[in-house]
Structures are given as structure tokens and as C-alpha cells.
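Enquirer: This is the structure, below, for whatever I ask next.
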Amino acid sequence: MQRHVASGRAQSGDPPILEAKGVTKRFGGFVALDGVDFAMAPGERVALIGPNGSGKSTFVNCLSGALTPEAGSVRFEGRLVTGMPPWQRARAGLVRSFQIPRPFRRLSVIENIEVPLNFALAEPPPGGKAQRALEILESIGLGAKAYGSPKDLSQVELRKLELGRALAANPRLLIADEAMAGLSDSEVDEIVDLLERLNAQGIAIILIEHIMRAVMRFSQRIIVLVAGRKIADGLPGEVMRQDEVERAYLGQ
Ligand SMILES: Nc1ncnc2c1ncn2[C@@H]1O[C@H](COP(=O)(O)OP(=O)(O)OP(=O)(O)O)[C@@H](O)[C@H]1O
Ligand SMILES: [Mg+2]
């Protein structure tokens, strides 16, 4: 049985911020996503988990517009976004960060935030781009590194910069695809803390993550994908006790 729960922040009856129905994606004859339904409340914190190759990144690529599904629909704040290019979805407030950070290495840290500010916002920010970029860097703990080079950032700082680039668009939904892989336990905590702060500002977050400690600490709800199908959707403790979820993980 699948259970749907509203977030602490969302009022029951709030229209969903995101609603995906029957999302199906094929690569040649291979079905990577098979009719995935997913709805999320404003301000909710959801983890998307599943074994390697189960379709998590493919699903968020269909949400963000990097991939076009063969069937199904995606609505963001009630608006049909299926077919809209990624930049337009980002301007609408639906933003993702990438699994592997690729900053512009010849630009400074702050310029790496100014670049997405140029195309992510329909109008320049009130205090100007430089001020907004600095605010973003301060909010992610990189204020002191603003005028340095991304080459001098540590792994965890690069992950923060990647999240900072996503924040340039003022997202109301942020999708973080494996923002913590390869980090130490304390660095994982730093990223979870950062995501919690962003969520406290009202940003709904989808966390794709293999690190279960982070998933259990962060999420109000867990979705499990296995071989392109959603096999569970509910409260973290309940989902992790489901036999099918246990089998999917033991069978990895
Ligand atoms: N562009 C593509 N062309 C062909 N097959 C693809 C493509 N992208 C993904 N796939 C396949 O679709 C399946 C789902 O891949 P996806 O990257 O979504 O998995 P994932 O759940 O994100 O895995 P991971 O945890 O390893 O990141 C895999 O079998 C993958 O090989
Ligand atoms: Mg992936």
C-alpha cells in the first residue's frame, strides 16, 4: 500500500507544488521509467531513493526538463510544464543541482553565482547581481571565499557552490541529485544542515541520496524507485520496514 503524507509546513488541502502523472521514459527498447506518479506539497522534504540504475536521475531529468518523457505529465504549481525547456522551468522556480559539480574554473566563486543569476531571473535582483550573489554565498557559508577561485575549494565547498548556483533562480522546489556522495560523515551533516536551512526558508526539496543516515535525518517522506517503478511512498520509518524495499536493497 502506498501512503501519502503532507509535510509539517503544508496545510492539508494545499494544492501540490509538483504533480507528476504516469511519467514514462524509454531509452530505445529499455523502459527506464514506467508510469511514475508523484505529488509533493509546498515546503515538503522528500527523499527519492532506489538501487543504482533504478531511474532516479532519469525521473528528475523529466521533472527539470533535461529529458522529455514518452508519456505522462508534469505540473509545477498547477502549470503544465511538460515540454518546457529547463531554463524556463528554472525561472518558474523548479531547479535542480547536478551530481557532479562543474564550476567555471576560470571565474571566481562569486562570478560562478552571477552567471546563473543572469539567465535564471526574469528581472535583475533589487540590490543588484553582485549583492544577491554575495547573499547567496553567505547563506551557504561561502561568503569568505567569494573572491577566490573554485580551484581552491574543498569537495564539500564545491557541493555547496553547486547548491548555491541552483539558488540563483530563487527556487521554490530544489532537487538535489546526490549532493553528498564521497563526503565524510561531518561533511554530510554540513550539507544536510544547509538543506534544512533552505527548507526552513520555504523551499521544497527532493533529495536523491544513497547515504541512508542523511535520508533518515532529512526526509519527511520517502519515495522508492526500483527498475523504473515506484514501489513505496510514505513515512520514512514505515517505508524502510516494507518487505519489498528491504528486498530491493538486499538484492543490490
Ligand atoms: N541517456 C541514456 N541512454 C540510455 N540509457 C540510459 C540513459 N540514461 C539512463 N539510462 C539507463 O536508465 C536506467 C536508469 O538510470 P538512472 O541514471 O536514472 O539511474 P539512477 O537511479 O539515477 O542510478 P544511480 O543511483 O546510479 O545514480 C539505467 O539502466 C541507465 O543505464
Ligand atoms: Mg543517478
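The values are calculated or read from the model by the stated rules, or taken from the named source; none is laboratory data. Bear in mind the structure is a predicted one, so any value in this text is a computation, not a measurement. Backbone-built Cβ (ideal geometry, glycine too); neighbour counts: all protein chains shown. These area figures cover heavy atoms from the full protein model, side chains too; ligands, DNA and RNA do not enter into them. Shrake-Rupley method; radii C 1.70, N 1.55, O 1.52, S 1.80 Å.
Enquirer: Could you check how many residues of region 16-31 are part of a loop (DSSP other than H, G, I, E, B) and in contact (Cβ under 8 Å) with a residue 40 or more places away in the chain?
Expert: Count: 2.
Enquirer: Next up: It is to be established whether one or more residues within region 190-207 are within 16 Å of ligand 1 (Cβ to nearest atom), buried (at least 20 other Cβ atoms within 10 Å of the Cβ), modelled with pLDDT of 95 or more and within 13 Å of the chain's Cα centre (by Cα). I'd like the intermediate steps shown before the answer.
Expert: First, pick out the residues of region 190-207 that are within 16 Å of ligand 1 (Cβ to nearest atom): 206-207.
Now drop any that are not buried (at least 20 other Cβ atoms within 10 Å of the Cβ), which leaves 206-207.
Filter again for modelled with pLDDT of 95 or more, leaving 206-207.
Those still in the list that are within 13 Å of the chain's Cα centre (by Cα) too: 206-207.
Yes, that holds for at least one residue.
Enquirer: Does Arg79 satisfy the condition of being within 16 Å of ligand 2 (Cβ to nearest atom) and surrounded by fewer than 18 Cβ atoms within 10 Å (Cβ to Cβ)?
Expert: No; evaluated as a whole, the condition is false for this residue.
Enquirer: Return the total of residues in region 81-100 being of a type in the set (Ser, Thr, Tyr), touching a helix residue (DSSP H, G or I) at 6+ places or on another chain (Cβ under 7 Å) and closer than 11 Å to Cys62 by Cα.
Expert: Selection size over region 81-100: 0.
Enquirer: Answer yes or no as to whether Gly182 is surrounded by 18 or more Cβ atoms within 10 Å (Cβ to Cβ) and of a type in the set (Gly, Ala, Ser).
Expert: no
Enquirer: Identify, please: which residue in region 208-252 is open to solvent by less than 20 Å² (accessible area, probe 1.4 Å) and acidic (Asp, Glu) and is, among those, nearest to ligand 1 (Cβ to nearest atom)?
Expert: Among them, the one singled out is Glu209.
Enquirer: Since Asp34 meets every condition but one in (1) within 16 Å of ligand 2 (Cβ to nearest atom); (2) open to solvent by 40 Å² or more (accessible area, probe 1.4 Å); (3) not in a loop (DSSP other than H, G, I, E, B), which condition does it not meet?
Expert: (1)
Enquirer: Oh, and also: Residue by residue through region 109-128, note down the ones that are touching a residue at least 40 places away in the same chain (Cβ under 8 Å) and either surrounded by fewer than 11 Cβ atoms within 10 Å (Cβ to Cβ) or among the small types (Gly, Ala, Ser) (or both).
Expert: Selection gives Ala120 alone.
Enquirer: Pairs under 8 Å by beta carbon, first residue outside any helix (DSSP H, G or I) in region 179-198, partner of a type in the set (Gly, Ala, Ser), six or more apart or different chains?
Expert: Listed by first residue and then by second, the contacts come to Ala179/Ser97; Met180/Ala214.
Enquirer: Turning to a different aspect of this structure: Suppose the filter is at positive phi and of a type outside the set (S, T, N, Q); does Gly164 pass it?
Expert: no
Enquirer: Moving on. Say we look at region 159-178 and pick out the residues that are of a type in the set (D, E, K, R) and not in a helix (DSSP H, G or I); which of these is least open to solvent (accessible area, probe 1.4 Å)?
Expert: That would be Asp177.
Enquirer: Here's a follow-up. For region 105-148, what are the residues that are in contact with a Pro (Cβ under 9 Å, 6 or more places away or on another chain) and of a type in the set (Asp, Glu)?
Expert: Correct list: Glu135 only.
Enquirer: Right, something else. Could you grab me the full set of residues in region 40-72 that are within 9 Å of ligand 1 (Cβ to nearest atom), in a helix (DSSP H, G or I) and farther than 14 Å from Val215 by Cβ?
Expert: Scanning region 40-72 gives Ser57, Thr58, Phe59, Val60, Asn61.
Enquirer: Here is a further query. Does region 140-158 hold any residues that are not charged (D, E, K, R) and not in a loop (DSSP other than H, G, I, E, B), and which are they?
Expert: Filtering region 140-158 for residues not charged (D, E, K, R) gives 140-144, 146-150, 153-156, 158.
Result: Gly143, Ala144, Pro150, Gln155, Val156, Leu158.
Enquirer: Then there is this: Name the residue, out of Arg91, Arg106, Arg96, that is open to solvent by 40 Å² or more (accessible area, probe 1.4 Å), touching a residue at least 60 places away in the same chain (Cβ under 8 Å) and among the basic types (Lys, Arg).
Expert: Step by step, each of Arg91, Arg106, Arg96 is checked, and only Arg91 is open to solvent by 40 Å² or more (accessible area, probe 1.4 Å), touching a residue at least 60 places away in the same chain (Cβ under 8 Å) and among the basic types (Lys, Arg).
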